[in-house]
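Below: one structure, written as structure tokens.
The values are calculated or read from the model by the stated rules, or taken from the named source; none is laboratory data. Everything quoted here is computed from the prediction, not taken from an experiment. All Cβ positions, glycine included, derive from the backbone under ideal geometry; neighbour counts span all protein chains shown. With ligands, DNA and RNA removed, areas are computed over all heavy atoms of the protein, side chains included. Shrake-Rupley method; radii C 1.70, N 1.55, O 1.52, S 1.80 Å.
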Amino acid sequence: DGAGATRLRKLSPGTCVAIRGTSEIVGTRIADLSVLGGGVADRGIVCENLKDGEVERCAISGFRLHGIEGLGPATLNVMVRRTRITAPASALVEGCALSVRSGTSWRAEANYFNVGGTPESPRWGAIVDVRGHDGFFSQANVLDGAPTGIRSDGEITSVGDWWDVNASSGVWGYCYAHERNNRITIIGPRGPKKSKVDRSRFNARKWLTFVGGNRG
């Protein structure tokens, strides 16, 4: 019936929704509901070895560790679209809105990752963590309020993402933090300077493509 009417609540530590398989699970879709953790549950949605799946038009809030977590080497071609993920005041710094640490080719499109907190006391330490995952594609997302935006070590592409950060003072740290010599392509970001890319750990001249944006 939609995110405002259909609500799944987890009132104790643990995971609210888990879709797990020892091998690939093809074509599962989660859509049009709210997933609520009340500030005590750990994870909203966990997908293990999901292939050709979707998380769409969901509201995910109140989870201390991860809003959505993708696991398993067989995870492939999963879309997260038009979903809002909000961190509670009890969020753990090691957590994030979207964590995909294995597999390949997850995509995020037109989501609102609303982390919150303050510069002095942030909630999650990162908004998206795709270290260990390859081929992550991010488009037209709003990424709001964590010390690190997208943390990666594989190939990523970011197109038209909107960063709600202080790009002049750098109070939120880096919009993009990359940890290996793999390609990162940033096209038309809204908000960050090039200095909001952490280029200290990879060869920026060889592996970084930065096109457009509203700042230098």
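Annotations for the structure displayed:
- Overall shape: oblate for segment 1-103, with the ratio a/c of the largest to smallest alpha carbon gyration tensor axis at 1.5 or above and b/c at least equal to a/b.
- Cα point-scatterer Debye curve for segment 76-137, base-10 log of I(q)/I(0) at q = 0.20, 0.21, 0.26 Å⁻¹: -0.78, -0.83, -1.07
- Ordered from highest to lowest accessible area with the whole protein assembly present and a 1.4 Å probe, 151, 20, 84, 107 read as 20, 84, 107, 151.
- Anisotropy class of segment 32-72 from Cα gyration tensor, a/c 1.5 cut: oblate
- Here the Gaussian network model covers the chain, with springs between Cα atoms less than 10 Å apart; of 149, 188, 27, 27 fluctuates the most.
- Residue among 63, 137, 113 with the largest mean-square fluctuation in a Gaussian network model of the chain, springs linking Cα atoms under 10 Å: 137
- Per DSSP, loop GluC sites (Glu not before Pro) in segment 82-163 with at most 15 further Cβ within 10 Å: 94, 120
- Of the three principal axes defined by the Cα atoms of the chain, the extents in descending order read 45, 37, 27 Å.
- Inter-label distance, nm, simple model (7 Å from Cα along the C-beta direction), residue 183/residue 32: 3.8
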